[in-house]
Amino acid sequence: MEANKKGIGLAALVALIVSGAIGGGVFNLANGLASGATAGGALVSWLIVGVGILLLVLTFNYLIVNKPELSGVSDYARAGFGDLVGFISGWGYWLSAWLGNIAFAVLLMTSVDFFFKGTFANKNGSLTILSVVVVSLVMWGLTILVSRGVEGAAVINAIVLIAKLIPLLIFAIAAIVSFRAGVFTEHFWQNVSTNADMSKFTFSAMTGSGFMSQFSSSLMVMIWVFVGIEGAAMMGDRAKKKSDAGRATILGLISLIVIYVLLSILPYGFMDQKTLANVAAPGLINILNAMVGGWGGSLMAIGLIISLLGAWLSWTMLPVEATTQLAKQKLLPKWFGKLNKNNAPFNALMLTGLLMQVFIIMTYFSANAYNVFVYLCTAVIMICYALVGFYLMKLGFQEKKTSNIIIGFLAGIFQVYALYLSGWIFIWAATIIYVIGFAFFTIAKTENGQKVGKGNIIASAIITLLAIFANIDLLASWGGNLDIRGNLGIDPSSMVMVYLLTAILVIGIGTLIYSILKNNAVKKVEVKDA
C-alpha cells in the first residue's frame, strides 16, 4: 500500500482531529442539555446523534478520497445540484461561520463576567453595553490581524490546545469524584417539561412523545459541538497511509463522543436536573466552581477565555474562505475574491465584519444570546451537511453503489429531520440574509456573461417571499409556533434589532431587483438552472 513518509501517523492524526473539533460549545454542554432532557433522554439522544454524525463523516471521507478535484461543502452541492444550490450551500456555510463567532463572543464575555459579576453579562443571558463595545473592538482587531496574514500562528494553536484540554481533564476527574448515584437516578428516565420559568420543572413517566420532546431539545446543542467536523475529516488525507485516513476519522469521532458524553452526563450525578438546567452560562465554569470551590471556576474560566480567543482567531478566516471559494467558482462577484498585499481577502473580511457588527448589537437586546446564535449557526450549516449527504446518494445511483446510496440518504435525511424538529424557525429567520446573497449571485452571473435561468429566479423569489413573511413576523410578533422574535429572545421593549434586520432585507430586495434587471441585458446566454 502506498505510504506518505512525511505524513501524520494514526495516533497523531486522531489527536489532531479531536483537538481541532473541540471548541467553546463543550463548556456549555451540560446545562444546555439539562434544560430539556433527563440523563436517560440525553444518553439515547447522544446515541442517535452519534450515528447521524458518523454517517456524515463517512460521507466526507468517501468524497475526499474519490472526488479530490472538489473542495468544500459548496463544491459538492454545486457538482451535484447546480450553481444555485452550490451558492445556497456556500452562502450558508459563510453565514454559519460568522454566526458561530458571535456565539464565541457571547461565551467569552460571560466567562469574563465570572470575575466581574454583572459587568459584562445580564442575568437573562444578554450582554451589557460594555460587553458589546469590548466584543466589537475584539472582532475588528481580529479582522485586522487576519487581513495581515497572521491567522495560522502555530504558537497560538498550541497555547489554545493546552488551555482547553487541561481544564476539561480536571473537570472530568472532579465530576467522577463528586458523582452521586442517587442524584443521577432520581429522574433518569422520565419526561421533563418546563414553562417559561425554567426553575419550575415537572416530571412524568417517559412516553414516546416525551422522548421526542427531549430529543428535539437536545439536537441543536449536540450538533453544535460537531460543527467543523468536516474540517477534521479532511485532515485524514494527510495520513502516512491511505488506510489510516478513514480509521483516524472514525476513531477521532468515537473519542469526541466519549468526551462529550462524559462532560455532559457526569454533572447529572452532582446536581439535580432543575439545578443543572438553571446553571448560568458557561456551565462547566459554574459547575466546577460548585464542585471544588473558587479555584476550579477560575481555572476553567481562564482556560475558556484563552480557548475562545484562539478559536475566534482561527474562525475569523473561515467565513471569508467560503466567500473566496464561491468567487473562484464564479458564484459570487470577483470583488469577494480580491486579495490584498498580504494575500488575505480584505473586501470579504470587511463585509463580514460589518454584518457581524450588526448582529453583535443584537446580543444586547437578545435574552439567552449564546443559545440564539448557536441555534442560528447550527441550523444553517445543517442544510450544507444535508446537501453533502444527498450528493453522495446521487453519486451512488450514478455509480450503482448501494452502500453510497444508503449512507448518503441517511446522512442527508438525518440533518433534514433534525432541522425539522428543532431548527426550522431559525432557518426562516436566516432567509433575510439570503436575499442579499441572491443579489450577489445574480451580479456574479452578469459579470461572467451568463443569464440567470428561470428556475434560479423562481427559487430566489420563493426564498425572498419567505424572508418578507419572516420580517413581518418580527415586526408583528405573531406568537405561537411562528414567533421568530420570541425564539431570538429579542426584548419586546426594544425594536432596534428588528429595524436593523428590516433594513438589511430592504437593501437586499432592492439590490436583487436591480441585479436581475441588469442581468436581462446580458448578451451572452448561458442558462444553468438549479
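Details
- Residue within segment 99-120 that is farther than 29 Å from Leu349 by Cβ, polar (S, T, N, Q) and at pLDDT 80 or above present: yes
- Output for segment 360-388, where each listed residue is aromatic (Phe, Trp, Tyr) and surrounded by 23 or more Cβ atoms within 10 Å (Cβ to Cβ): Tyr370, Phe373, Tyr375, Tyr385
- Residue selected from segment 463-476 under the condition among the β-branched types (Val, Ile, Thr) and open to solvent by 60 Å² or more (accessible area, probe 1.4 Å), by the criterion farthest from the chain's Cα centre (by Cα): Ile472
- Residue in segment 20-39 that is open to solvent by 10 Å² or more (accessible area, probe 1.4 Å), touching a helix residue (DSSP H, G or I) at 6+ places or on another chain (Cβ under 7 Å), modelled with pLDDT of 90 or more and farther than 30 Å from Met350 by Cβ present: no
- Of Ser74, Ser131, Ser111, all but one fail to be of a type in the set (S, T, N, Q) and over 23 Å from Gly32 (Cα atoms); the exception is Ser74.
- Segment 477-504, residues that are open to solvent by 60 Å² or more (accessible area, probe 1.4 Å) and either more than 21 Å from Gln357 (Cβ to Cβ) or modelled with pLDDT under 75 (or both): Trp478, Gly480, Asn481, Leu482, Asn487, Asp491, Pro492, Ser493
- Test: residue in segment 284-296 that is open to solvent by less than 10 Å² (accessible area, probe 1.4 Å) and under 24 Å from the mean Cα position of the chain (by Cα): yes
- Within the option set Ile507, Ile443, being part of a helix (DSSP H, G or I), among the β-branched types (Val, Ile, Thr) and either modelled with pLDDT under 90 or surrounded by fewer than 18 Cβ atoms within 10 Å (Cβ to Cβ) (or both) holds for one residue only, Ile507.
- Candidate set from segment 453-462 (those that are surrounded by 15 or more Cβ atoms within 10 Å (Cβ to Cβ) and assigned to a helix (DSSP H, G or I)); member that is farthest from the chain's Cα centre (by Cα): Ile457
- Inter-residue pairs, beta-carbon under 6 Å, first open to solvent by 40 Å² or more (accessible area, probe 1.4 Å) and in segment 44-62, second of a type in the set (Val, Ile, Thr) and part of a helix (DSSP H, G or I), 6+ apart: Leu58/Ile407
- Complete set of residues in segment 306-323 that are β-branched (Val, Ile, Thr) and crowded, with 21+ Cβ neighbours inside 10 Å: Thr316, Val320, Thr323
- Which numbered condition Leu410 fails, given (1) touching a Lys or Arg at 6+ places or on another chain (Cβ under 6 Å); (2) within 24 Å of Met222 (Cβ to Cβ); (3) not acidic (Asp, Glu): (1)
The values are calculated or read from the model by the stated rules, or taken from the named source; none is laboratory data. What you see is a predicted model, and the numbers here were worked out from it, not measured in a lab. Virtual Cβ from ideal backbone geometry, glycine too; neighbours counted across all protein chains shown. Heavy atoms of the whole protein, side chains included, go into the accessibility calculation; ligands, DNA and RNA do not. Shrake-Rupley method; radii C 1.70, N 1.55, O 1.52, S 1.80 Å.
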